[in-house]
Every structure is written in C-alpha cells, then in structure tokens.
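Okay, structure first, notes after.
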Amino acid sequence: MAAAYRVADKLGWSELIYTHISARIPGREHHFLINPYGLRFDEVTASNLVKIDVEGNPVTPQMHKANKAGFIIHSAIHMARPNAGCVWHMHTLAGMAVAGQDEGLLPVHMYSHNFWQRVSYHDFEGPSMRLDERARLAQSFAKNDALILRNHGLLTIGEMIPEAFIRFWRLNRACEIQLAAQSAKLRLPSAAVCEASYQMGEEFLTDQAGLGELEFDALVRKIEAKDPSYKN
C-alpha cells in the first residue's frame, strides 16, 4: 500500500496532499488503509498509513489522521462494490480535463478501448463533502471498474492494488492521448473494432500474470532501488 503511493508520486499523479488510494483490510470489521492527511505521497510509509472505519474514523489511536471528507468517495465505492479491494482516485491534469468534457472519454486510442462502454460517470455535486452523496455515487458506479467524476477526476477499482493501478494508468493515459489528438480531426474506429480491441487488451494484460502485477512490480523495483523507505 505504501509502495502504491510512491508509484503514484513517481508518475506525477500527486497533487499537494490531496487525493487517495484506499485498500480494504480483510475481515468483517470493514476497516481500510489510507494515506495520512498532510503528508506528501513520497512521505507515506507502511508504518504511518492510517487504519480507519467505513466513516473515515481512526480505528485505534494513531499519530496521523485521515482526511475524513476525502474518504466519502472511497467509502461509497468500498461499501457498494464487493470487488473494490482497492480504490484509486487521483486528480491528474489529463483526467480532470477529460472529466470536464461533455462527451467524456472518446475511443481515440487502444487504451481508451480498454474502457469501451465500460466506464461510468458521476455528475459533479461539489467537492464531495456531504455524506448523502454516497448513495448517488454508489448508483453511478453500480457496474464497471472505472469512473469519471465529471468536473472532478478519475477513479478505478480492483480486487488487488495492482488491478486498480493498471486500470488507472490506462484510463489516465487514454485521457492524455485524447487531449493530444483533439488538436486535429479525430479518426475513431467502429464500434465493432472498439469491442474487439477491448477483448484483446484484456487478453494482453492477463497473458502471463495477474492483472497489473507485472507493471506495478516493475515500478516498485525502480522505486526500491532509489528509496526503499516506503517499507519503514
């Protein structure tokens, strides 16, 4: 989990002290790990991760606290989706830009085909500070494993951290490519080709390992070679 924050920082996905990656702790207690609010992503370590309940409250006395308001989105998804072992939510420049576009994600590139008719949308209600939005978030994200929060940012889920990571990487990359391609006339494949591209993309990702494992581990090795302090 701490390595996930270092990976996000390495890829330039951090935004001051904002945004979160959360992971469900196995068990019936519905407890989660999340970053300590106030620390940069490159300061997150295994020992300073915050253990919280479904309302964002610390489970035990801890040195740091979580951003309770920031956990509203995460708790809604964790509660609504049994397969959401990890929720990855970032405010990347490309993600926020596409989230502000009326048409949302377009099938511009094979990375966007990974989400062909498989990305959900949630209309903007403000910076997600109200608990009653959780029900509407859950309804918006009732299916699919990727969510575009309109006028806000991107969110992906996975049963394990690498799954949520690779989905986020692909979704954010698709947004980056879309913004670059929009400088000229777009050439969009047919619906049949987009669906075929989705199927082949899923086959490619799981050909030799679990979803996202090879990609996530490759970045963790790079981080560990320079700064293994995330393990502390």
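Values for this structure:
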{"quantity": "The stretch 146-191: number of residues that are closer than 28 Å to Met79 by Cα and among the polar types (S, T, N, Q)", "calculated": "3"}
{"quantity": "Strands (runs of 3 or more DSSP E) lying entirely in the stretch 1-72 (those with 1 or more residues that are within 26 Å of Gly95 (Cβ to Cβ) and under 14 Å from the mean Cα position of the chain (by Cα))", "calculated": "20-25, 31-34"}
{"quantity": "Pair list, Cβ < 7 Å and 6+ apart or interchain, from the stretch 192-211 residues that are free of Cβ contacts under 8 Å to residues at least 24 places away in the same chain to residues that are surrounded by 14 or more Cβ atoms within 10 Å (Cβ to Cβ)", "calculated": "Gln208/Leu214"}
{"quantity": "Among the residues listed as Ile73, Ile52, the single one being closer than 17 Å to Tyr37 by Cα, out of contact with any Pro (no Cβ under 8 Å at 6 or more places or on another chain) and buried (at least 19 other Cβ atoms within 10 Å of the Cβ)", "calculated": "Ile73"}
{"quantity": "Odd one out for Leu205 among (1) surrounded by 17 or more Cβ atoms within 10 Å (Cβ to Cβ); (2) closer than 15 Å to Val7 by Cα", "calculated": "(2)"}
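Coordinate-derived values only; no laboratory data. Bear in mind that the values here come from a model prediction, so they are computed numbers and not experimental data. Cβ atoms come from the backbone with ideal geometry, glycine included; neighbour counts cover every protein chain shown.
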